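*Asks:* Take a look at this one; I'll ask things after.
Read-outs: derived from the displayed coordinates by stated rules, not from any lab. Fair warning: this is a prediction, and the values are worked out from it, not measured in the lab. A quick note on method: Cβ atoms are made from the backbone with ideal geometry, for glycine too, and the neighbour counts reach across all protein chains shown.
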Amino acid sequence: MSRGYKFQNPEGLYFVSFATVGWIDVFTRVIYKDIVVESIKYCQKEKGLNLYAWVIMPNHIHMIAEAREGFLMQHIIRDLKRHTSKQLLKAIAENQEESRKEWMLAIFKNAGEYNSNNKNYQFWRQDNQPIEIWTTAVVKQKLDYLHSNPVHAGFVDKEEEYLYSSARDYHGTGKGLIEILLL
């Protein structure tokens, strides 16, 4: 994690962002997004993650979350990133239909060689950019930003149309893929 961004308050509500090395568009394929979804669900059940909002974009993820009592956000995010990196690298390597396989794995391998924290590959960037959310106005701003990402990227016309986010839950048009706590 970079020195400039840390989870200072163990009881804080955070807007967290993390991205793939080189901002590679890994999450254009459903199989890879589903690995992240399942890993987030596991962190909710077993690692103490309270999730309020989320979105998976092609090369990054945003969340509004906090750690339940007895857990720390930095450990939850560390474990989430560690597990998903292993699962995603394996899925990419084994995906016979992945036309970008060699290119992506070479970038992840190169990044891993230059980071002493890794043995071979680095999938996620080191930073998480956690921003503690203090006020209702900032919560609304971050929630709007997070849910509008797919619209601004041109993937959908309406926030609630994007399957890989919590926008459906907030717009009341259905349940999202991941159970959330509404803000």
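*Asks:* How many nm is it between the label spots at residue 110 and residue 132, if each spot is 7 Å from the Cα in line with the beta carbon?
*Replies:* Placing both labels 7 Å along Cα→Cβ, they lie 3.9 nm apart.
*Asks:* When the chain is treated as a GNM, springs tying every alpha-carbon pair under 10 Å, which of 138, 36, 26 comes out with the largest mean-square fluctuation?
*Replies:* Of the options given, 138 has the highest mean-square fluctuation.
*Asks:* Which lysines have a Cα less than 28 Å from the Cα of residue 158, not counting those fewer than 8 places away in the same chain?
*Replies:* Output for residue 158: 33, 41, 140, 142, 175.
*Asks:* For volume of the Cα convex hull per residue in Å³, pick the label among [x] 204; [y] 178; [z] 122 that corresponds to the value derived from the coordinates.
*Replies:* [z]
*Asks:* May I pose another question? Can you list the lysines whose alpha carbon sits under 19 Å from that of residue 109, skipping same-chain ones fewer than 8 residues off?
*Replies:* List returned: 81, 86, 90, 101, 119.
*Asks:* So for the stretch 94-183, what are the equivalent ellipsoid semi-axes in whole Å, largest first, each being the square root of 5 times an eigenvalue of the Cα gyration tensor? Walk me through the intermediate numbers first.
*Replies:* On the way: eigenvalues 213, 80, 27 Å².
After diagonalising the Cα gyration tensor, the semi-axes are 33, 20, 12 Å.
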